[in-house]
RNA sequence: GUCCUCGUAGCUCAGUUGGAUAGAGCACCAGAUUCCUAAUCUGGGGGUCGCAGGUUCGAAUCCUGCCGGGGACACCA
C-alpha cells in the first residue's frame, strides 16, 4: 500500500468516527476526498481536501471541520504535524521515518516497485500499429507502436490482463492492388522487362524481393495466366511476406504483439453477416439515402440508397453506410465485426491507437461498439499526432510517390530502439512531435533520453566506486536495506525519496488516464532530483554519497542510490527502454 | 457548413481527471570543477493559462459562444 492510500484509509476511519459522534448525515461523498502531495512542497508532504468536500453536505464551515480533523490526524504516529490552510486544506507533515521506510520497500520489491492492483486482473485489449500490409512500416508508425506498447506495459503494471493486438487490413482493394504489383515484380523476377510501374500500382522496390520469392515458389506458371487464377494466391502470399517484415521491424523496436487478427479471415468466417444480424435484431439498420457532405466537392457524387447503421442514436453526426455501392461490405462493417469479435473474446475494455487523421472515425466506432455490445463494451480511442522528422534542424521531406519515405527500420538503425521509444513519449499523444536525428542522440541536458539514462548510469557508477572501497561493504540490496536510514537527514535526500515514493501513485494515475507519456516525464523528475543531490556533494563534501570515514552514513546513502536506480529501471521497463549501467564516449 | 483536436513564459512543453501563490527545459543574466562521470548543478528575471460568459467554497482543467492553428468529412483503409 502506498503512503498516500495508507493515509487515506486513516482519514476515512477518523471521518467515520467523527460522523458517529457529531451525528453527520448519511451518504457523505467520502469518495471525493483526495489525499495527494500538495503542488507546493512547502505546504508539507500530504494534503487533503476532506473538510472542503464535506462541509456543504454536513452544513458546517470547512475550517471548523478541518480543525477537528487535523487534531485527530496529529495524533497519528506517522503524522508529525497537521495544519489547516487556505479555504480548508489540511496539510500534513509526516515523520521522516515514513519516507525512509519507503527506501526499504523499494529495495525489497526491486523493479516490481510501483506495481498496482487497481486493474484487478481485468482483461484489456490494446490494438495498435495495425498498418496496412502494403509496404514496410515507416517512421510515422513508430509513434503509435511505442505509444501502444508503453500503454500496454503500463496497464500490466497497474494490474490489468493486457493483450497486445494488431489488425491486419487484408480485405480491401488496396491488398488487391498489392497483389497486382507483386505480380509485376514476379514477372520481372522471371526476366521479363516490365518497364515503369504503371499508375495505380505500388512502385516500391521492396516488392522485388516478393517477386523473387513468388518466382521461386511458382516458376512461370502464372506469368501469363489471367488474373482470376493468381490474384487470391498472390494476395495471401504477399500479405504474409509483408507482415513478416512488419513484425520483424516491430521486434527490432522491442514491440512484441501477441495477436494478429486478419480482417479477411473475419469476413470469410461470416463475422460480418452476424454483425448485421445483431444490428438488425436491435432495429439499428435501414436503407436510406445520405445527404452529400458539405464543404467538400465530390464530382462523382450521386444520391444512392444505402444500407445504413443508425449511428446517430449513439451520438454520431450522421448514420453510416454498411455496404458499398457494389454490394460489398464497407470497411466500417468489417471493423464493427472485428470489435464485436474482440468483445466476444472477453475484452469488455478495448483501446485502439490510431493516427490523428482517423479522428473523424472515432464517434462511429464508439457508437457501433456501444450498439453491438448493448453498452457493455467500452472503447477508448487514443489518437497519435504527426511526427515531424528533422536532421540537424533541416526537415526531412517524405513523399511516397517519390519513394523518399524514411522507414521505421532506418530510424531504428540510426539511433537505436531505446532512443526512438523514449522520444516518442516526450509529448502527449495528441501533440505533434519533433524528432531530430541529431538532437535525439546528443549527450546533453536538452536530451531527455540521455538525461534519464545518465542518472541511472551515474547511480551504477557510485555503486561501482563504493565496491572498490577496501573496507568492503556488502552492496546487495538486501544488505543495504538494513542500513541506518536515519542518517538520511538532508532535505534533498528526503526530497529525492519523496519523488521516488510517488512512483506507485503515478502508475495508477497514468494507467487510468491511458497516458504513458507521464512515465517519461516522471523519470525526468527523478533524474533531476538525483543529479541535483549528486551535485550538492560536489559543492559540499559532507553530502557525498560515499562519505569518507563514515561507513554508516555511506551505507544509508548507497541504499538511496540503489533505490533511485531501481525506480528509474522500473519506469524504463514500462517504456521499454533499457537501463544502462555505463555511458562512455 | 459539420465534427474532432490543440491554444499555458521569448521558444519547446508539463500540469497529479476541480485545489492553495500555474511549473520544467531551452534561451538570457550571475555563479560552482584538487571532488562519487562538470555529459552535471545552484540562483535570478520572465504569465491577462487565446477571448467572453456560466457552473461552485475554488476553474488552465467542466459547460456555452466566439477567435486562431491542425485534422477529418458517402462507397477508400
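Among the residues that make up the stretch A:335-348, is at least one of them outside any helix (DSSP H, G or I), surrounded by 14 or more Cβ atoms within 10 Å (Cβ to Cβ) and more than 9 Å from RNA strand B (Cβ to nearest atom)? So far as the stretch A:335-348 goes, yes, one or more of its residues are outside any helix (DSSP H, G or I), surrounded by 14 or more Cβ atoms within 10 Å (Cβ to Cβ) and more than 9 Å from RNA strand B (Cβ to nearest atom). Among the residues of the stretch A:447-470, those identified as within 6 Å of RNA strand B (Cβ to nearest atom) and out of contact with any helix residue (DSSP H, G or I) (no Cβ under 7 Å at 6 or more places or on another chain) are A:454, A:457, A:461, A:465.
For the stretch A:313-333, what are the residues that are more than 7 Å from RNA strand B (Cβ to nearest atom) and loosely packed, with under 14 Cβ neighbours inside 10 Å? Within the stretch A:313-333, A:315, A:318, A:327 qualify.
Here A:359, A:327, A:355, A:346 are screened, and the one residue that is under 35 Å from the mean Cα position of the chain (by Cα) and without any contact (Cβ under 8 Å) to a residue 40 or more places away in the chain is A:359. Listed by position, the strands (runs of 3 or more DSSP E) enclosed by the stretch A:361-441 include none that has at least 2 residues that are buried (at least 21 other Cβ atoms within 10 Å of the Cβ) and in the same structural domain as residue A:516 (by TED's automatic domain parsing). Considering the stretch A:7-32 alone, what residues qualify as being under 31 Å from the mean Cα position of the chain (by Cα) and modelled with pLDDT of 90 or more? Result: A:7, A:8, A:9. I need the helices (runs of 4 or more DSSP H) fully contained in the stretch A:27-140, keeping only those with at least 2 residues that are within 12 Å of RNA strand B (Cβ to nearest atom) and surrounded by fewer than 15 Cβ atoms within 10 Å (Cβ to Cβ). Because the criterion is at least 2 residues that are within 12 Å of RNA strand B (Cβ to nearest atom) and surrounded by fewer than 15 Cβ atoms within 10 Å (Cβ to Cβ), the helices (runs of 4 or more DSSP H) in the stretch A:27-140 that meet it are A:50-58. Checking each residue in the stretch A:374-417 for being in contact with a helix residue (DSSP H, G or I) (Cβ under 7 Å, 6 or more places away or on another chain) and more than 12 Å from RNA strand B (Cβ to nearest atom) picks out A:377, A:379, A:408, A:409, A:411, A:412, A:415, A:417. Taken over the stretch A:157-193, residues that are within 16 Å of residue A:232 (Cβ to Cβ) and either in a helix (DSSP H, G or I) or without any contact (Cβ under 8 Å) to a residue 60 or more places away in the chain (or both) amount to 12.
So for the stretch A:461-474 (the condition being in the same structural domain as residue A:569 (by TED's automatic domain parsing), crowded, with 22+ Cβ neighbours inside 10 Å, modelled with pLDDT under 95 and farther than 19 Å from residue A:552 by Cβ), does at least one residue qualify? No, the stretch A:461-474 has no match at all.
Annotation note: of A:54, A:76, the sole residue that is in contact with a strand residue (DSSP E or B) (Cβ under 9 Å, 6 or more places away or on another chain) and at pLDDT below 95 is A:76. All conditions but one from (1) part of a helix (DSSP H, G or I); (2) more than 28 Å from residue A:97 (Cα to Cα); (3) without any contact (Cβ under 8 Å) to a residue 12 or more places away in the chain apply to residue A:13; the one that does not is (2).
Here residue A:371 passes the criteria (1) away from RNA strand B (no atom under 12 Å from the Cβ); (2) under 23 Å from residue A:151 (Cα atoms) except the one numbered (2).
Out of the stretch A:141-163, which residues are under 26 Å from residue A:389 (Cβ atoms) and away from RNA strand B (no atom under 15 Å from the Cβ)? Residues satisfying the conditions are A:142, A:145, A:148, A:149, A:152, A:153.
Conditions tested, residue by residue: (1) within 36 Å of the chain's Cα centre (by Cα); (2) part of a helix (DSSP H, G or I); (3) within 12 Å of RNA strand B (Cβ to nearest atom).
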site: A:256; (1), (2), (3): yes, no, no
site: A:261; (1), (2), (3): yes, no, no
site: A:279; (1), (2), (3): yes, yes, no
site: A:296; (1), (2), (3): yes, no, yes
site: A:301; (1), (2), (3): no, no, yes
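For the stretch A:240-266, the set of residues classified as in contact (Cβ under 8 Å) with a residue 60 or more places away in the chain and farther than 22 Å from residue A:163 by Cβ consists of A:242, A:245, listed by residue number.
The values are calculated or read from the model by the stated rules, or taken from the named source; none is laboratory data. All of these numbers come straight from a predicted model, not from anything done at the bench. We place every Cβ from the backbone using ideal geometry, glycine too, and count neighbours over all the protein chains shown.
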